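Only one structure is covered here, and it is reproduced in the block below.
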Amino acid sequence: MSGLVTLITGGATGLGLACAKHFSRLGARVIICDLPSSKGSDIVKQWSSIVSSPLNSELDESDDPLTSLLNERKDDKNNVKIPLSNNLSTDQNIQLEPPTFLSADVTNEEQIQAMFNQIKQQYERLDVLLNCVGIGVAIRTYNINKRSMHSFDEFKKLLNVNVSGTFNAIRWACHLMADNKPNSQGQRGVIINTASIAAYEGQIGQVAYAASKGALVSMTLPLARDLSNMGIRVCAIAPGVFYTPMLAALPVRVRLLLGNMVPFPKRLGQPDDFARLAHMIVENPYLNGEVIRLDGALRMPP
């Protein structure tokens, strides 16, 4: 990872921020892309303290009642105490480079083009694209009690961000990676997309979200085949239920229930789990065209 120029879309929060911190600790040159309204600028200004903190620090889990509740149950022989974050030490021999924050809406062609032009000018290359950008919605296709339909605009918006926005970033990344000098195995770059287990077991109210993540799953192999002659590998990660700011907003009991649904380990996924898998994909040269589930063997009910 050391020295690799890495662009992370949706990198100012959740899984994207965890990857930015993890990759930076390994010496990567990280570029965070997120909306102008995100905390991207603040993150860069506070990077020295952020990168040295636990990967779940944005959730303030030390004050989270979920942590206290888990600790209260630590003496129960039927429960295993598992921390909500892993502390990953930084290699002291690596000189950490603060990330660059570039604000852009992945669905806006002009903003994305300007961002990639800036990357080309500032870094002269791009080695890794990690797409963590995405939104979600939970609405039934039709609610018979309220006689109301799923909003068509909401459906189109979700697919536009999750699918079209991801593809937009991919095609521009390829344009930069094409100028990279191939390594000894002919590789010019790596692209990782974020799917979801909803692509396989979408729940009630997840038609739009499942459709978008299913599209990313289906795109993985043809993208890998499309870009094989360029030496660009493409994989996707399909995470299960993860302890991100979105889930942190749920009641404690709900989060405990979700964590206990996972066969093993019985907990919500940690952003660090996702970051470690993304790291492994970048460094394993034979991984290509694959979607990897990261869910503790969870299979979601309806």
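The values are calculated or read from the model by the stated rules, or taken from the named source; none is laboratory data. All values reported here derive from a predicted model rather than from experimental measurement. Cβ placement follows ideal geometry from the backbone for every residue including glycine, while neighbour counts extend to all protein chains displayed.
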From Gln113, Gln121, residue being surrounded by fewer than 19 Cβ atoms within 10 Å (Cβ to Cβ), out of contact with any strand residue (DSSP E or B) (no Cβ under 8 Å at 6 or more places or on another chain) and farther than 23 Å from Ser37 by Cβ
Gln121
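Yes or no, residue by residue, for (1) without any contact (Cβ under 8 Å) to a residue 40 or more places away in the chain; (2) closer than 27 Å to His22 by Cα; (3) in a helix (DSSP H, G or I); (4) among the β-branched types (Val, Ile, Thr):
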| residue | (1), (2), (3), (4) |
| --- | --- |
| Gln203 | no, no, no, no |
| Lys213 | no, yes, yes, no |
| Leu216 | no, yes, yes, no |
| Met219 | no, yes, yes, no |
| Ala224 | no, yes, yes, no |
| Val234 | no, yes, no, yes |
| Phe274 | no, yes, yes, no |
Close pairs (6 angstrom Cβ cut-off, 6 or more residues apart or separate chains): in contact (Cβ under 8 Å) with a residue 12 or more places away in the chain in region 167-191, among the polar types (S, T, N, Q) and outside any loop (DSSP other than H, G, I, E, B) anywhere
Ala169/Thr9; Ala169/Asn131
Out of curiosity, is Ser103 in contact with a helix residue (DSSP H, G or I) (Cβ under 9 Å, 6 or more places away or on another chain) and over 21 Å from Thr6 (Cα atoms)?
no
With the requirement that a residue be hydrophobic (A, V, I, L, M, F, W, C) and either at pLDDT 95 or above or under 20 Å from Ile8 (Cβ atoms) (or both), what does region 265-288 give you?
Phe274, Ala275, Leu277, Ala278, Met280, Ile281, Val282, Leu287
All but one of (1) closer than 30 Å to Pro301 by Cβ; (2) touching a helix residue (DSSP H, G or I) at 6+ places or on another chain (Cβ under 9 Å) hold for Gly205; state the number of the condition that does not hold.
(2)
When the residues of region 108-134 are narrowed to those that are assigned to a helix (DSSP H, G or I) and free of Cβ contacts under 8 Å to residues at least 12 places away in the same chain, which ends up farthest from Phe23 (Cα to Cα)?
Glu110
